[in-house]
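One structure below.
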Amino acid sequence: MIVCIAEKPSVAHDIAEVLGAKVRKEGYFEGNGYQVTWTFGHLCTLKEPHEYTPSWKSWSLGSLPMIPPRFGIKLIDDPGIEKQFHIIERLMGQAEMIINCGDAGQEGELIQRWVMQKAGAKCPVKRLWISSLTEEAIREGFAHLKDQQEFQPLYEAGLSRAIGDWTLGMNATRLYTLKYGQNKQVLSIGRVQTPTLALIVNRQKEIENFVPKQYWELKTLYRDTLFSAIVRKSDEELAEEAAQEKENPAARKKAAPKEDANRGIPPITDRKTGEELLQRIQNAPFTITDITAKKGTEAPPRLFDLTSLQVECNKKFSYSADMTLQLIQSLYEKKIATYPRVDTTFLSDDIYPKCPKILEGIKDYARFTAPLADKQLLKSKKVFDNSKVTDHHAIIPTGVQPQGLTDMEKRVFDLIARRFIAVFYPDCKFSTTTVTGEADSIEFKVSGKQILDPGWRVIFAKDTEEESKEGEEESVLPAFSKGESGPHQPQLNEKWTQPPRPYTEATLLRAMETAGKLVDNDELRDALKENGIGRPSTRAAIIETLFKRHYIRKERKNLIATPTGVELIQLIREELLKSAELTGIWEKKLREIERRNYDAATFLSELKQMVTDIVYTVLRDNSNRRVTVMPEEPKAPAAKPAAREKKTEKKTTARKKKDAPSPAPANSLPEGDAIVGQPCPLCGKGTILKGKTAYGCSEWKNGCTFRKPFDPAPESQA
């Protein structure tokens, strides 16, 4: 018998259907020579400190650093997990071959390998590696099963990450709690969590310490068009540009410097100077000195990787990173989108022949796909590039017609579908006209952008304004003639320099992706991804952890560090613990382990040495620094939602009562992840989603309070 092990019951069901294993048994499907079973995500985790050394159970500075000579795994303490594991163990003990059908990524590899190790599996193992759960993809995957050994580096990278997070998290958390937490508050430290918090705290300090400076803008209205005086760049701006060019030489090539590039009036920093300039041009005629029109093209937006999808959903719909991850995971499991936990925006060449069928399958977008039918699809190097794709390609539709989606899922799918269609449309063609003029030798300028051929932009007609870059006016300027002259209306506007903006989840995700360097250029962002902190699949969980620890809170869309979060970062003097750049270097080494370019043993040896150094440095600190203990925010009494529910029920009609059943007891719901996708037992409208620590309803934003806790995954992501 061949045993297939998937990561979730729903995925196991899809695989069993394709393989013909249609007999439902307890904990698995059977038939046609296959037994298809499943985990519920993590069944195993690294052992707790006291399971290595009993004396490590009590927290004491004398026991640090805790570094086991050999790390071990254990089953997560949960009756449902233990029951399912024993079923898996029995099946694997009798198997002639095992097929690892876990999610095709680092975490999926680690989850399944640990289960096979714990079960003592001895038979040969093959790997199913697919990017979507459609029947065609599953059949193709089983026709081209890979050898498990090919994925050894992926497993070693995942194991190194888990051990590294355990070693740093366990030691640093105990160290800082005992040394600075006044024995009243656990100070949670994590390899990715703490540098992420530092990004927010540092931005907050920049805002608090920002001293606004007053300046004035000289403008003039000529023929109903507002011209701005050309202002010379300050020495500080020139120095900053030079530093950026040094860091990114590619930026220098794009704009060749001209002799008069830094012409214009000096910045106006006092009202007197501004009024003198205003007076000087008041009665002087305004003359058009130059008109340049430049045609250009704009390529379609990149396809989505997980981070860019989370960024877009946060900007457009205010969805948290975690919520977006749940929604795209649900779309993947419903077979309508490809594997979501990816960090590339490219497709491999072998996807190109499948694209016409995918476009044909998304029938709700026929008005956009119809012009592409029966034509050779465009194949841009900005979309199809094998060298930019490793384990998985960008997130795209599978071609399966969406059905039964929630409103939130529909919005996410709409973003993915439109991006996919757009890459086969022609570039947008535009013309940029720049008009310069002068009054009494003071130069003014205005630019206008005119869309000549919208190309791919027709697909985003509603978002045209949002998609355009800040500061660009997509308007047609009047027809000016060089040398024309006439009266004008000058004006002097008072302005103040603005502080940096607080992080939102969207901008924080970008900062994590590029180790704190916020950049707009896609090519540069791709280069910095190598040193990003966290993985696309774990960044949402990191942000949620910061909320859970009360280190950050949300004000509208802005992320604000709490006093505890601020004090914790100020307390940490070891740059290795809080520097996004240094953490990014460690992340790069983990990626290199995955690609066989770095040795896992060396990584762990360096990390253990780093932790040992941090412990001894903190132990030598004789200052009396402490972190203020923040009182827990008052929580609403558990009975309150129920009371509100009763009030609502009294007001509703009998029909509405029938549509919104009262809460079902937890033991009447399916066990584990089998609950995902089921109708909500509380509101009856939504479906169950899987969160970080509990299952919840997709209608949570509309007031549904259903929540069913479960044992969280090990703290290796923190």
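All of the numbers you see were taken from the coordinates with simple rules; none came from a lab. It should be emphasised that the depicted structure is a prediction, and the values quoted were computed from it without experimental measurement. A quick note on method: Cβ atoms are made from the backbone with ideal geometry, for glycine too, and the neighbour counts reach across all protein chains shown.
Remark on region 9-48: ratio of C-alpha radius of gyration to 2.2 N^0.38 Å is 1.37. Both numbers refer to the Cα atoms of region 102-256; Rg and Dmax are 27.8, 83 Å. Looking at region 142-224, the trypsin sites (Lys or Arg not before Pro) that sit in a DSSP loop and have at most 11 other Cβ atoms within 10 Å of their own Cβ are LYS184, LYS213. Here's the picture: charge each Lys and Arg Cβ at +1 and each Asp and Glu Cβ at -1 in region 64-208, and of GLN117, THR177, LEU154 the one pushed furthest to the positive end of that dipole is THR177. Using Cβ point charges alone (K and R +1, D and E -1), the dipole size of region 483-625 about the Cα centre works out to roughly 580 debye. Once divided by 2.2 N^0.38 Å, the Cα radius of gyration of region 543-592 becomes 1.37. Between their Cα atoms, which of LYS272/LYS482; LYS83/LYS690; LYS388/LYS589 are more than 23 Å away from each other? Cα-Cα > 23 Å for LYS272/LYS482; rest within. Rg and Dmax of region 145-199, based on Cα coordinates, read 16.3, 55 Å.
Within region 339-404, the ratio Rg/Rh, alpha carbon atoms throughout and Rh by Kirkwood, equals 0.98. For the pair TRP496 and ILE451, a Förster radius of 51 Å applied to the C-beta separation gives a FRET efficiency near 0.90, rounded to the nearest 0.05. As an exercise, take the mean of 1/r over every pair of distinct alpha carbons in region 277-361, invert it, and state the Kirkwood radius in angstroms. After inverting the pairwise mean of 1/r, the radius is 17.5 Å. Over all pairs of different C-alpha atoms, region 154-236 has a mean inverse distance whose reciprocal, the Kirkwood radius, equals 18.2 Å. Counting Lys and Arg as +1 and Asp and Glu as -1 over every other residue whose Cβ lies under 10 Å from the Cβ of ASN493, the net charge comes to 0. Over all orientations, region 12-80 has a Cα convex hull whose mean projected area works out to 6.9 square nanometres.
Orientation-averaged projection of region 345-457 equals 11.1 nm² [convex hull of Cα atoms, one quarter of hull surface area].
Counting every alpha-carbon pair across region 1-123, the share separated by more than 17 Å comes to 59%.
The GluC sites (Glu not before Pro) of region 36-143 meeting both criteria, a DSSP state outside H, G, I, E and B (loop) and at most 14 other C-beta atoms within 10 angstrom of the site's C-beta, are GLU96.
Short to long, the 10 Å bins of the Cα pair-distance histogram for region 51-164 hold 12, 33, 34, 14, 6, 1 percent of all pairs. The spacing between region 347-415 and region 8-31, judged by their C-alpha centroids, is 29 Å. Over 20 Å apart: what share of the alpha carbon pairs of region 87-141 falls there, rounded to a whole percent? Value for region 87-141 (Cα pairs over 20 Å): 29 percent.
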